[in-house]
Amino acid sequence: MAMTYASPGAEDLRLAADQLAARLPSALAPFARIAFNYRWCWTAGGAGLFAAIDAHRWEACGRNPVRLLQEAPTGALEQAAGDRQLTRRVYSLEECIAVEASQPTQVDGFDSTHPVAFLCAEYGVHASLPVYAGGLGVLAGDLVKAASDMGLPFVAVGLLYGQGYFRQRIDISGWQNEYWVPSDPPRLPGAPVTLDGVEPMKIRVPIRGREVAVQIWRFAIGRVPLFLLDTDVSDNEPVDRWITSRLYVGDRDTRLAQYALLGIGGVRALRAMGIEPAVYHLNEGHPALAPLELAAEAVAAGAAFEDAFESARARTVFTTHTPVPAGNESYAPEEMTRVFAGLDERLGTDWDTLLSLARVHAANREEPPGMTALALRASRARNGVSLRHGGVARRIWRPVFGAGTDDEVPIGHVTNGVHLPTWMADPLRALLDAQLGEGWQARTTEPETWDRIADLPDAELWRARCELRGKLVDYVRERATLDRLSRGEAADYVEQAQRAFDPDRLTIGFARRLATYKRLYLMNRDLGRALKLLREPNPIQILLAGKAHPSDDGAKRVVQELFGARRAPRVGERIAYLHDYDMGMAAFLIAGCDVWVNLPRPPLEASGTSGMKAAMNGVLNLSVLDGWWAEGYDGSNGWAISGDEDPDHEAQDARDAGTLLDLLEKEVIPLFYDRDADGVPRGWMQRAKAAIRTAGLQFSARRMLRDYVDRAYRVEP
Ligand SMILES: *Cc1c(COP(=O)(O)O)cnc(C)c1O
């Protein structure tokens with residue numbers, strides 16, 4: 001049988017599922033099979049099937065279905081096996097997944113022997129697979145799911161971090177502490193790829209002058225295989241086993257080793273599995289060595305470096321996500337030549353040539369090289385992640401291309417999008433199923449699909465919004481109580497969390513990575529005025545969450561300052577800072593808040609995606625006109641703060657903090673509490689419908705993937 005991208009490791013996953021099934025009552029066998037393909041997590045009711053076995057254990061296992069089936073008590077398993085309704089539902093889910101899996105994956109120009117290969121340092125597929133940190137990873141996960149939905153031949157390659165990304169605890173002084181939790185790969189819903197069903201296959205990757213052994217894990221994301229590389233194998237020395245320990249480790253040497261593994265190892269892994277991609281998509285600069293490894297293959301076959309590089313470039317496309325040069329790390333030449341040792345020889349060239357490819361100004365030997373410049377030079381198509389960010393990227397990277405004007409810089413844009421079945425909450429999805437007609441999810445990119453949303457009865461939409469806010473409030477009460485207890489807070493403050501947060505109160509959310517440019521501090525810049533908004537008769541409540549990078553003390557101080565105000569009147573029951581933001585928490589927040597706030601300093605928000613997720617659920621954005629919101633805001637679907645750049649940051653902060661409070665006082669709060677005789681906020685519902693339409697039509701992962709196919713993958717070299 002010809003090797004297609006779908007084959008390697010597929011049998012290994014089946015064996016792992018069979019082994020798990022053998023330990024379960026036979027009626028539960030389909031659960032074991034479903035557990036090894038994340039397709040369940042974007043099927044309505046999928047998660048509920050696992051929760052039905054043992055709701056408590058499901059949460060305790062971090063919603064990892066394999067662990068649930070391994071750890072659930074025998075009594076719970078036997079009871080589930082005897083539940084005819086449950087077993088019927090799981091059989092029918094398995095059937096649906098099998099029907100979809102059996103359909104050919106084919107999109108013009110790509111077939112199963114020549115898929116798109118996507119390389120990324122992180123993937124946010126589900127909270128139970130801890131190989132993501134934030135936006136970049138969740139976007140990659142959403143893209144992979146969209147590829148599965150659309151039947152695009154697609155393989156994804158990343159790293160399997162033994163300890164994932166850091167977890168966050170905030171202490172009694174308001175300071176963030178980090179800790180790491182082993183992700184225990186053998187209990188994740190994946191399997192090492194073998195050639196013979198027994199021995200995991202291994203590839204070798206030259207890193208720091210050693211041939212590091214690498215094992216490849218396969219995870220199934222619907223119809224897309226996700227291959228994760230792992231150096232934690234006994235053949236390796238401890239420093240090499242550490243390469244895949246943590247995502248975005250602090251130490252530069254290990255970080256470069258991760259880039260070597262992802263780029264060189266990614267190409268080698270696909271080659272070893274017999275997969276021949278039509279195109280390689282580098283998502284952010286981390287995998288930028290991939291095209292060099294492709295070139296090295298050609299050089300080994302006798303090509304000259306220049307020709308080999310050109311032909312690799314013709315198969316590579318690159319997406320940049322960072323809006324500032326400083327966000328694109330650079331390294332000392334010696335750091336690169338040490339970790340990437342031997343690359344010069346394998347490419348039949350010298351380090352001077354290679355390092356100049358990785359410099360913004362190729363001829364400036366004083367400039368430290370970086371992965372982004374290399375990726376830009378080594379790809380045939382390049383893009384930023386929103387219309388505005390495309391322009392910013394052309395401005396920043398102009399010297400790479402020696403272009404006379406920004407307009408001549410060959411960088412376009414594909415605006416990010418989010419995976420609707422993942423992020424649209426069930427009550428909303430059920431409403432739209434009834435309103436938009438059969439199969440609407442496959443037609444989200446057609447404007448007509450959304451026409452009928454205008455006729456959605458306000459009262460029904462309001463009921464769904466209230467249900468989601470209610471679920472969020474339950475979640476927050478429980479989480480905030482535990483957070484406060486674990487910090488050792490005073491009993492009265494803990495109790496405020498328990499009874500606080502009203503399911504009928506206007507709820508404002510701000511949750512994201514806490515880089516300084518996100519300007520969380522604008523929220524408490526005019527503290528006295530902000531606290532007044534918490535008062536009756538029309539009070540608001542505020543939910544905050546987010547992790548600061550472990551080495552970003554500035555961002556940690558912002559959190560600490562916020563904590564300083566936590567014992568002010570009414571704050572204990574109206575404001576909560578939730579520990580340890582992740583995808584599971586994000587799902588509650590983006591669906592249950594009423595207003596989603598984003599305050600980046602323009603133009604530093606390349607895109608932002610949490611606001612799209614919120615809008616899809618009828619949540620109204622109140623944001624700076626930067627990133628996606630500069631494209632999405634139309635006057636009817638939320639509120640805007642100026643996106644103008646201003647070199648005087650202090651003045652800009654004062655102005656924007658003032659606008660934020662003005663909008664809340666004069667527009668947002670009055671509109672939310674303006675109710676008709678039935679208690680429905682009519683004006684708010686108009687805006688909510690506009691928001692759903694905007695996000696569904698323009699900011700879905702389907703639209704994003706279609707753009708990638710049209711603007712990047714399909715472009716002929
Ligand atoms: C969507 C998402 C993000 C990205 O949100 P931004 O708006 O880009 O900050 C980060 N983390 C998680 C867990 C998400 O789900």
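Points worth noting:
- Residue within the stretch 142-163 that is over 21 Å from SER7 (Cβ atoms), modelled with pLDDT under 95, within 17 Å of the chain's Cα centre (by Cα) and assigned to a loop (DSSP other than H, G, I, E, B) present: no
- Pair list, Cβ under 7 Å, 6 or more apart: the stretch 181-202 residue of a type in the set (Phe, Trp, Tyr), other residue modelled with pLDDT under 95: none
- Looking at GLY584, GLY572, just one residue is away from the ligand (no atom under 13 Å from the Cβ), in a helix (DSSP H, G or I) and either surrounded by fewer than 21 Cβ atoms within 10 Å (Cβ to Cβ) or assigned by TED's automatic domain parsing to the domain that holds ARG479 (or both), and that residue is GLY572.
- Reported count of residues in the stretch 451-485, each being in contact with a Lys or Arg (Cβ under 7 Å, 6 or more places away or on another chain) and more than 22 Å from GLY638 (Cα to Cα), is 0.
- Taking every residue in the stretch 577-589 that is on the phi < 0 side of the Ramachandran plot and pairing it with any residue that is within 7 Å of the ligand (Cβ to nearest atom) and part of a loop (DSSP other than H, G, I, E, B), at least 6 positions away or on another chain, the pairs with Cβ-Cβ distances below 9 Å are TYR581/GLY134; TYR581/ARG512; TYR581/ARG513; ASP582/GLY124; MET583/GLY124; LEU589/TYR581.
- Any hit, the stretch 543-566, residues being more than 26 Å from ARG687 (Cβ to Cβ) and within 12 Å of the ligand (Cβ to nearest atom): yes
- Count of the stretch 14-70 residues, restricted to those that are among the polar types (S, T, N, Q), crowded, with 21+ Cβ neighbours inside 10 Å and either out of contact with any Gly (no Cβ under 8 Å at 6 or more places or on another chain) or farther than 16 Å from ARG218 by Cα (or both), is 1.
- The set of residues from the stretch 114-141 being part of a loop (DSSP other than H, G, I, E, B) and either of a type in the set (A, V, I, L, M) or within 22 Å of ASP710 (Cβ to Cβ) (or both) comprises PRO115, CYS120, ALA121, VAL125, ALA127, LEU129, ALA133.
Yes or no, residue by residue, for (1) more than 16 Å from the ligand (Cβ to nearest atom); (2) surrounded by fewer than 21 Cβ atoms within 10 Å (Cβ to Cβ); (3) in the same structural domain as PHE340 (by TED's automatic domain parsing):
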{"site": "GLU367", "(1), (2), (3)": "yes, yes, yes"}
{"site": "LEU374", "(1), (2), (3)": "yes, no, yes"}
{"site": "ALA381", "(1), (2), (3)": "yes, no, yes"}
{"site": "HIS389", "(1), (2), (3)": "no, no, yes"}
{"site": "VAL400", "(1), (2), (3)": "yes, no, yes"}
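- Selection status of LEU282, at pLDDT 95 or above, outside any strand (DSSP E or B) and in contact with a strand residue (DSSP E or B) (Cβ under 9 Å, 6 or more places away or on another chain): no
- Tally of residues being within 18 Å of TYR708 (Cα to Cα) and assigned to a loop (DSSP other than H, G, I, E, B) across the stretch 101-111: 4
- Those residues of the stretch 429-462 which are loosely packed, with under 14 Cβ neighbours inside 10 Å and among the basic types (Lys, Arg), in sequence order: ARG452
- The number of residues in the stretch 248-263 being touching a Pro at 6+ places or on another chain (Cβ under 7 Å) and of a type in the set (A, V, I, L, M) comes to 1.
- With respect to the conditions (1) within 16 Å of the ligand (Cβ to nearest atom); (2) closer than 26 Å to ASP433 by Cα; (3) surrounded by fewer than 17 Cβ atoms within 10 Å (Cβ to Cβ), GLY470 falls short on a single one, namely (1).
- Looking only at residues in the stretch 551-569 that are touching a residue at least 60 places away in the same chain (Cβ under 8 Å) and assigned to a loop (DSSP other than H, G, I, E, B), the one that is surrounded by the fewest Cβ atoms within 10 Å (Cβ to Cβ) is SER551.
- Within the stretch 443-469, the set of residues being in a helix (DSSP H, G or I) and without any contact (Cβ under 8 Å) to a residue 60 or more places away in the chain comprises ARG443, GLU448, ASP451, ARG452, ASP455, GLU460, ARG463, CYS466, GLU467.
- Which numbered condition ALA591 fails, given (1) outside any loop (DSSP other than H, G, I, E, B); (2) crowded, with 22+ Cβ neighbours inside 10 Å; (3) more than 12 Å from the ligand (Cβ to nearest atom): (3)
- The C-beta contact set for the stretch 635-648 (first residue without any contact (Cβ under 8 Å) to a residue 24 or more places away in the chain and of a type in the set (D, E, K, R), second residue surrounded by 12 or more Cβ atoms within 10 Å (Cβ to Cβ) and outside any loop (DSSP other than H, G, I, E, B), distance under 7 angstrom, 6+ apart or interchain) comprises ASP646/GLN652.
- Residue in the stretch 624-636 that is under 14 Å from LEU522 (Cα atoms) and crowded, with 18+ Cβ neighbours inside 10 Å present: yes
- Among residues of the stretch 422-439 that are of a type in the set (Phe, Trp, Tyr), those with a Cβ under 6 angstrom from a residue that is surrounded by 14 or more Cβ atoms within 10 Å (Cβ to Cβ), sequence gap 6+ or separate chain, pair up as TRP423/LYS613; TRP423/MET616.
- Residue among GLY265, GLY274 that alone is surrounded by fewer than 22 Cβ atoms within 10 Å (Cβ to Cβ) and either in a loop (DSSP other than H, G, I, E, B) or in the same structural domain as GLY412 (by TED's automatic domain parsing) (or both): GLY274
- When ALA614, ALA654 are checked against the criterion of being more than 28 Å from the chain's Cα centre (by Cα) and either more than 12 Å from the ligand (Cβ to nearest atom) or of a type in the set (Gly, Ala, Ser) (or both), a single residue qualifies: ALA654.
- Evaluation of ASP111 against the conditions (1) touching a Pro at 6+ places or on another chain (Cβ under 8 Å); (2) assigned by TED's automatic domain parsing to the domain that holds ARG23; (3) surrounded by fewer than 17 Cβ atoms within 10 Å (Cβ to Cβ) shows that the sole unmet condition is (2).
- Of all residues making up the stretch 107-138, the number that are over 19 Å from LEU282 (Cβ atoms), among the small types (Gly, Ala, Ser) and modelled with pLDDT of 95 or more: 2
- Qualifying residues in the stretch 657-684 (those that are under 14 Å from TRP462 (Cα atoms) and under 31 Å from the mean Cα position of the chain (by Cα)) - the one surrounded by the most Cβ atoms within 10 Å (Cβ to Cβ): TRP684
The values are calculated or read from the model by the stated rules, or taken from the named source; none is laboratory data. Being a predicted model, the structure only gives us computed values, none of them experimental. Quick reminder, even Gly has a Cβ in these numbers, built from the backbone with ideal geometry, and neighbours come from all protein chains shown.
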